[in-house]
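Asks: Structure provided below as structure tokens; questions to follow.
The values are calculated or read from the model by the stated rules, or taken from the named source; none is laboratory data. Predicted, not measured: the structure shown is a model, and the values here were computed from it. Quick reminder, even Gly has a Cβ in these numbers, built from the backbone with ideal geometry, and neighbours come from all protein chains shown. All accessible areas refer to the heavy atoms of the entire protein, side chains included, with ligands and DNA or RNA removed. Shrake-Rupley method; radii C 1.70, N 1.55, O 1.52, S 1.80 Å.
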Amino acid sequence: MRQVIRQASRKIINTKITIFSLMFIFGHIGITLGIFYLLSRLSSKNRFSANIPWVAFGALLPDFIDKPLGRIILAETIGSGRIFAHTLLFGLLLGLAGYYLYVQGKPELLIIAGASFCHILEDQMWDNPGVFFWPLFGWGFPKDTISGSFIEYLMAIFNRSYAPGLTEVFISEIIGLLIIILFTGKHIQDKRKEKSIA
């Protein structure tokens, strides 16, 4: 099994893969948190810390939906981790539903929709118009350039994301991790201040 995973990982690294994301977990969460933090500084209602869990969830939502659906459940027919939730249509529908609830005083879904849309932009989905503008160019989705089981796919992503080097994936992961560490430090500092005041 290890040898199969190692071979699949080498194959991925040695080939240009356009279907893989330019970010993984830390990149998506950290960079999206940074974007939302900067936007919250422009707002008079600065409740950013209360929204962190919603932002983090939304930042990974397209992958939470598409990776299991396209790479496990529909692996034989679709075989891609970028399908429905990586489309502009998904982002717009989620945004409209979020706005409807926002008007009723429930902002959580709008925050999730915004973070989810950031994920799509961070993945540069406009480079893959068959997915981004789905279904305008047809009902099908292009298959990933890597075949194999979900475990092989996941190991290849881990290898690509965390193999040190000046790759877009590794750099975005480091930036995202640094942002997460900064927010964690600030949160701990704020909690200490609250305890000392009380």
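Asks: Within region 131-145, track down each residue that is farther than 18 Å from GLY91 by Cα and open to solvent by 90 Å² or more (accessible area, probe 1.4 Å).
Replies: Correct list: LYS143 only.
Asks: Let me ask you something else. Here is a check on your reading of the model: is SER116 of a type in the set (Gly, Ala, Ser), touching a helix residue (DSSP H, G or I) at 6+ places or on another chain (Cβ under 9 Å) and outside any helix (DSSP H, G or I)?
Replies: Taking the combined requirement at face value, the residue does not satisfy it.
Asks: Okay, moving on. From the list LYS106, LYS67, which one is farther than 27 Å from ILE175 by Cβ and of a type outside the set (A, V, I, L, M)?
Replies: Only one candidate qualifies: LYS106.
Asks: Further question: Test of understanding: among LEU33, LEU42, LEU89, LEU61, which residue is over 29 Å from GLY140 (Cα atoms) and modelled with pLDDT of 85 or more?
Replies: Answer to the selection: LEU33.
Asks: If we keep just the residues of region 74-95 that are assigned to a helix (DSSP H, G or I) and among the small types (Gly, Ala, Ser), which is surrounded by the fewest Cβ atoms within 10 Å (Cβ to Cβ)?
Replies: Among residues in region 74-95 that are assigned to a helix (DSSP H, G or I) and among the small types (Gly, Ala, Ser), the one surrounded by the fewest Cβ atoms within 10 Å (Cβ to Cβ) is GLY95.
Asks: If you don't mind, there's one more thing I want to ask. Within region 98-120, which residues are among the hydrophobic types (A, V, I, L, M, F, W, C) and either open to solvent by 40 Å² or more (accessible area, probe 1.4 Å) or on the phi > 0 side of the Ramachandran plot (or both)?
Replies: Those that are among the hydrophobic types (A, V, I, L, M, F, W, C) and either open to solvent by 40 Å² or more (accessible area, probe 1.4 Å) or on the phi > 0 side of the Ramachandran plot (or both): LEU101, VAL103, LEU109, LEU110, PHE117.
Asks: Determine which member of the set LYS186, LYS195, LYS106, LYS191 is in a loop (DSSP other than H, G, I, E, B) and either at pLDDT 90 or above or not polar (S, T, N, Q) (or both).
Replies: Numbers: LYS186 fails: in a loop (DSSP other than H, G, I, E, B); LYS195 fails: in a loop (DSSP other than H, G, I, E, B); LYS191 fails: in a loop (DSSP other than H, G, I, E, B).
It is LYS106.
Asks: Can you tell me which residue is farthest from the chain's Cα centre (by Cα) among those in region 26-73 that are under 16 Å from THR184 (Cβ atoms), open to solvent by 20 Å² or more (accessible area, probe 1.4 Å) and hydroxyl-bearing (Ser, Thr, Tyr)?
Replies: Result: SER49.
Asks: Another question about this same structure. Which members of region 121-130 meet the condition of being in contact (Cβ under 8 Å) with a residue 60 or more places away in the chain and either over 15 Å from PHE24 (Cβ atoms) or open to solvent by less than 30 Å² (accessible area, probe 1.4 Å) (or both)?
Replies: Passing the criteria: GLU122, ASP123, ASP127, ASN128.
Asks: Right, something else. Suppose we filter region 50-100 for residues that are farther than 20 Å from ASP127 by Cα and among the charged types (D, E, K, R); how many remain?
Replies: Total meeting the criteria: 2.
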